[in-house]
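Written below as structure tokens is the structure these notes are about.
The values are calculated or read from the model by the stated rules, or taken from the named source; none is laboratory data. Everything quoted here is computed from the prediction, not taken from an experiment. A quick note on method: Cβ atoms are made from the backbone with ideal geometry, for glycine too, and the neighbour counts reach across all protein chains shown.
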Amino acid sequence: MSLFDDLGNTLNKVANSTIKKSKELSGLTKLSLKLNSEEGDLDKLYEGYGKAQYGIAKNIAPTDALDFVALIDEKIKVIEDLKSEIEQLKGVIICPKCGTKNKVEDSFCSSCGEKLPKPEPEEPKTDPDKEEE
């Protein structure tokens with residue numbers, strides 16, 4: 001019976017590992033999709049800003065351009081946050097000084113030697129896509 005018990009335990013470990021990896025990939029995929037959506041929105045804002053600049057050249061409402069600048073700045077911040085979250089899920093931290101990718105457990109940048117910020121401990125997040133039963 002020991003052989004079957006060992007086999008069962010091994011299969012159980014493999015199944016649990018596969019489930020964990022699937023969940024990680026699912027979270028990464030959701031973040032990547034959100035990032036693509038945000039980048040698409042940013043492209044639309046840039047297009048709108050360009051049209052507003054054209055309007056300024058024709059003496060039409062310069063305040064529209066300022067509205068687009070504020071929206072673009074907000075969208076860039078959201079995109080940077082999503083990219084950072086994706087890198088953290090991948091176990092990577094970006095050096096704030098030179099932009100080099102480092103392992104999350106590193107204390108100093110492997111390229112420039114800058115002290116790396118420690119990532120915030122993960123808080124359990126509720127998935128808004130899942131309905132509570």
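Look at K13 and say whether it is surrounded by 10 or more Cβ atoms within 10 Å (Cβ to Cβ) and within 25 Å of the chain's Cα centre (by Cα). Before you say what the answer is, go through the steps one by one.
Details: surrounded by 10 or more Cβ atoms within 10 Å (Cβ to Cβ): yes; within 25 Å of the chain's Cα centre (by Cα): no.
Judged against the criteria, K13 is not a match.
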Q) Out of all the residues in segment 93-107, is one or more surrounded by 11 or more Cβ atoms within 10 Å (Cβ to Cβ) and assigned to a helix (DSSP H, G or I)? A) no
Q. Within segment 14-33, which residues are of a type outside the set (G, A, S) and without any contact (Cβ under 8 Å) to a residue 60 or more places away in the chain?
A. V14, N16, T18, I19, K20, K21, K23, L25, T29, L31, L33
**Q.** Only listed residue being modelled with pLDDT of 90 or more, over 30 Å from K21 (Cα atoms) and in a helix (DSSP H, G or I), chosen from K44, K51
**A.** K44
Q: Only residues in segment 107-124 that are closer than 16 Å to D81 by Cα count as the first member; pair them with residues that are in a loop (DSSP other than H, G, I, E, B) and modelled with pLDDT under 95, Cβ under 7 angstrom, at least 6 apart or cross-chain, and list the lot.
A: P117/P96; P119/V104
